[in-house]
1. Can you give me the angle between helix 162-174 and the longest principal axis of the chain, using Cα atoms only, in degrees from 0 to 90, rounded to the nearest 10?
2. If you count only protein heavy atoms with a 1.4 Å probe, what accessible area per residue comes out for region 79-211, rounded to a whole Å²?
3. Classify region 180-281 as rounded, prolate or oblate, taking a ≥ b ≥ c as the square roots of the eigenvalues of its Cα gyration tensor: rounded when a/c is under 1.5, otherwise prolate if a/b is larger than b/c and oblate if not.
4. In percent, what relative contact order does region 355-428 have, based on Cα pairs under 8 Å that are 6 or more apart in sequence?
5. Give the percent of DSSP beta bridges with both residues in the chain that are antiparallel, rounded to the nearest 5.
6. Keeping the other protein chains in place, figure out the carbon and sulfur percent of the accessible area of the chain, with a 1.4 Å probe.
7. Taking all pairs of different Cα atoms in region 145-230, averaging 1/r and flipping that mean, what Kirkwood radius in angstroms comes out?
8. Where does each of 387-394, 111-118, 175-182 land if you order them by average Cβ count within 10 Å, highest first?
Amino acid sequence: MSSPLRLGIAGLGTVGAGVVKIISRKQELLAARAGRPIEITAVSARSRDKDRGVDMSTYGWEDDPVALARRDDVDVFVELMGGEDGPARNATEAALAAGKDVVTANKAMLAHHGQALAMAAEDAGRVIRFEAAVAGGIPVIKALTEGLAGNEITRVMGVMNGTCNYILTRMEAEGLGYNILFEEAGKLGYLEADPTLDVGGIDAAHKLALLASIAFGTKVDFDGVELEGIEQVTLEDIRHAADMGFRIKLLGVAQRSGRGLEQRMRPCLVPATSPLGQLEGGTNMVVIEGDQVGQVVLRGAGAGEGPTASAVLSDIMDIARGDRISTFGQPASGLVTPIRAQSAVAAPYYLRMELEDKPGALAKVATVLGDSGVSIDRMRQYGHESSSAPVLIVTHKAARNAVDAALEALPKTGVVLGTPVALRIEAV
């Protein structure tokens with residue numbers, strides 16, 4: 001059997017400890033599948049004495065992850081610290097400069113510095129693998145770079161933050177408001193240290209930017225993602241959407257059209273009967289559409305010790321077997337700067353507004369929508385106990401700028417109370 005592949009693991013939190021457990025408990029299986037032993041040489045973390053549920057005493061220890069990355073007895077640097085910059089980025093750069101391959105779960109670092117790191121890897125003749133950075137245990141990176149390599153990808157979309165999906169599905173199932181479930185998610189440990197990374201859609205947008213780069217051969221463009229979290233989604237929206245055959249999801253969509261590259265991470269409506277519509281709890285789902293294969297749906301655990309550690313091991317095993325794939329599926333030098341679409345492909349929209357109960361109110365709304373270039377597909381008005389009533393409208397396909405123009409004009413009619421809500425309806 002070949003010489004062992006020697007790992008240096010930086011970061012021994014939930015995922016890092018999970019990787020150590022798999023390697024220590026399944027040595028024979030991994031060696032048989034990789035064609036060579038997988039060994040941990042040394043590790044690094046903030047605390048040396050913390051109980052991580054697995055014996056770390058047999059491994060070398062480095063207080064500084066950069067020192068770990070430079071060790072002569074490390075072939076692959078496994079970065080599981082997290083963080084856009086700081087120690088994670090410094091150690092990753094040091095590993096590449098020292099001729100090491102890198103496996104990481106760090107979506108933020110790659111979303112902001114992926115192009116530079118990919119170029120550095122190529123210059124050093126090394127690889128960066130990051131299956132664990134996107135959708136936990138779902139092998140979506142491998143699907144795009146290998147299984148679907150013969151396809152021209154037309155669209156990638158998915159629910160890629162389990163915390164948001166947990167909150168939205170619990171709101172519908174239990175009839176509880178957003179704030180209550182936000183607190184519950186925090187107590188259960190589902191939220192990041194900075195909760196806005198989850199509920200603000202930032203975490204999922206990092207993942208979408210990485211998938212778009214692979215799918216469309218473009219440089220990672222996180223700043224080009226249209227971003228909106230779930231904080232403004234109300235229980236009433238969820239109920240009304242369900243009443244009209246839809247469910248609300250924080251959905252990431254990347255697609256390229258004649259307008260350029262669209263990347264958006266926003267709450268939107270999907271048909272309740274679709275695969276995405278049926279997704280419950282903290283599960284993730286990614287839908288890939290290719291010109292040869294049609295639609296492929298990947299579903300699984302998007303976070304957690306086991307699923308994410310499994311994804312890390314898949315990258316380690318590829319490197320052990322000698323598989324060498326460019327970071328984003330093709331040489332970084334060949335990735336093009338994306339042209340950001342100035343407007344999204346037209347789509348139907350769900351509109352909710354509160355109308356004063358007075359004659360001609362609906363007519364005024366219909367006039368504003370028509371003048372803005374938005375036509376009504378169906379409309380529903382609910383009973384009311386006061387001088388106002390909620391009205392729901394599903395439009396025919398409309399450009400977002402036309403919808404925005406209508407939203408700006410509606411409060412000026414004198415019959416619309418508060419701020420109207422507009423959510424895109426995504427075809428699935």
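The values are calculated or read from the model by the stated rules, or taken from the named source; none is laboratory data. Since the structure is predicted, the reported quantities are computational estimates derived from the model, not experimental observations. Heads up, the Cβs are rebuilt from the backbone with ideal geometry, glycines too, and the neighbour counts pull from every protein chain shown. Side chains included, ligands, DNA and RNA excluded: accessible areas come from the protein's heavy atoms. Shrake-Rupley method; radii C 1.70, N 1.55, O 1.52, S 1.80 Å.
1. Tilt relative to the chain: about 40 degrees.
2. Numbers: 4490 Å² over 133 residues.
Heavy-atom SASA per residue in region 79-211 reads 34 Å².
3. Working: a/c = 2.29, a/b = 1.31, b/c = 1.75.
Since a/c reaches 1.5 but b/c is at least a/b, the shape of region 180-281 is classed as oblate.
4. Values: 87 pairs, mean separation 24.7, N = 74.
Across region 355-428, relative contact order equals 33 percent.
5. Bridges in the chain that DSSP calls antiparallel: roughly 65 percent.
6. Values: 8430 of 17770 Å².
Answer for the chain is 47 percent, counting heavy atoms of protein chains only.
7. On the way: mean 1/r = 0.0691 Å⁻¹.
It works out to 14.5 Å.
8. Numbers: 387-394: 17.9, 111-118: 21.5, 175-182: 14.5.
Result, highest mean first: 111-118, 387-394, 175-182.
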